[in-house]
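Report on the following structure.
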Amino acid sequence: MRKHKISNITAEIVLIFIAFLFLLPTLWMFCTSLKAPEQITKFKELLPNPVTIRSYIQGFAGGDFLRYIGNTVFIGLACVVGTVSSCSLVAFGFAKFKAKGKNILFMVLLSTMMVPQTVTLIPAYMLYSKLGWINTYIPLALPAFFATSTFNVFLLRQFFAGLPNELAEAGRIDGCSWLQIFARIYIPNTKPALLVVTINQLVFVWNDYMAPLIYLGKPEKFTIALGLNMFKAQYGGAMDVGPLMAMACLTVAPLLILYICFQKYFVEGIAASGIKG
């Protein structure tokens, strides 16, 4: 018993140390954003002394970050609506409908996860260019409405497969259509998994740099990732990186807040989808 307790304490100490190593760059970034210019070059001093918000003031003055955040939120909400609606429908079909070749088709769908994004980059760009959608948000949001996120389809399919088929049978007896069964019975019981999909999609859109770089050329349409990279060109090579670190903190903060607020549902959804089906 004593050895078991000692091993648990040792494991916790090791995990805390590893977690600190992962958090150290973020901690340094946050502390640097609160330092005065003369203290930033003193790398041995981690904590700011004195604390100042001048980096945040200069950062907002040097870049239109409120617009970038608004653009990213708009794209993110559109992608969330498209991903949740389309992926849940496809996943429900794979989990509950009986059809010949369904498993083969599902394996083909999963195999698309192995295809690099760069393979479809040029054909997709040529298609959107012919349609006149370059410098619009359509190429960034439209694919979400066609269940292009294979991982989210797989996650929701696993969750739906774990729910009893008797729910659908009871709905059919009451005269519900399959769409009503899906919307009124199964969706309310899938909230943890849907929250996981929502968080995954928001994080992906927030961090996505490649797609906005390809399809967006006007600065007023930039996302937060493009805006931060453009801001880096102004402050990245200077000795005073305080404004850059301040805007980097601004970029990271919403994702941290999102995960902290929904951590319980995130873990629950991942665990449930992994052990069911």
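Data for the structure
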quantity	calculated
Any hit, the stretch 123-142, residues being within 25 Å of the chain's Cα centre (by Cα), modelled with pLDDT of 90 or more and of a type in the set (S, T, N, Q)	yes
Which listed residue is under 20 Å from the mean Cα position of the chain (by Cα) and either closer than 25 Å to Phe146 by Cβ or in contact (Cβ under 8 Å) with a residue 40 or more places away in the chain (or both), from Ile69, Ile40, Ile104	Ile69
Among (1) hydrophobic (A, V, I, L, M, F, W, C); (2) out of contact with any Phe, Trp or Tyr (no Cβ under 6 Å at 6 or more places or on another chain); (3) more than 20 Å from Leu228 (Cα to Cα) - the single one Phe74 does not satisfy	(3)
Output for the stretch 193-220, where each listed residue is surrounded by fewer than 20 Cβ atoms within 10 Å (Cβ to Cβ) and over 12 Å from Leu140 (Cα atoms)	Leu195, Asn200, Val203, Asn207, Gly217, Lys218, Pro219, Glu220
Test set (1) at pLDDT 90 or above; (2) farther than 18 Å from Gly82 by Cα; (3) under 19 Å from the mean Cα position of the chain (by Cα) - Thr198 fails condition number	(2)
Residues satisfying the stated conditions in the stretch 48-66, i.e. over 21 Å from Ala233 (Cα atoms) and part of a helix (DSSP H, G or I)	none
Helices (runs of 4 or more DSSP H) (entirely within the stretch 163-257) containing at least 2 residues that are of a type in the set (Val, Ile, Thr) and touching a residue at least 24 places away in the same chain (Cβ under 8 Å)	191-207
Those residues of the stretch 172-184 which are within 13 Å of Lys96 (Cα to Cα) and either touching a helix residue (DSSP H, G or I) at 6+ places or on another chain (Cβ under 6 Å) or among the acidic types (Asp, Glu) (or both), in sequence order	Ile181, Phe182
Selection status of Gln158, in contact with a Lys or Arg (Cβ under 7 Å, 6 or more places away or on another chain), buried (at least 16 other Cβ atoms within 10 Å of the Cβ) and polar (S, T, N, Q)	yes
Test: residue in the stretch 21-28 that is assigned to a helix (DSSP H, G or I), out of contact with any Phe, Trp or Tyr (no Cβ under 8 Å at 6 or more places or on another chain) and touching a residue at least 60 places away in the same chain (Cβ under 8 Å)	yes
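Table: residues versus (1) under 15 Å from Ala248 (Cβ atoms); (2) surrounded by fewer than 13 Cβ atoms within 10 Å (Cβ to Cβ).
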position: Ile13; (1), (2): no, yes
position: Ala36; (1), (2): no, no
position: Ile40; (1), (2): yes, no
position: Lys44; (1), (2): no, yes
position: Arg67; (1), (2): no, no
position: Val73; (1), (2): no, no
position: Leu77; (1), (2): no, no
position: Val81; (1), (2): no, no
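The values are calculated or read from the model by the stated rules, or taken from the named source; none is laboratory data. Values in this document were obtained by computation on a predicted structure and should not be read as measured data. When we count neighbours, we look across all protein chains shown, and the Cβ atoms used for this are built from the backbone with ideal geometry, even at glycine.
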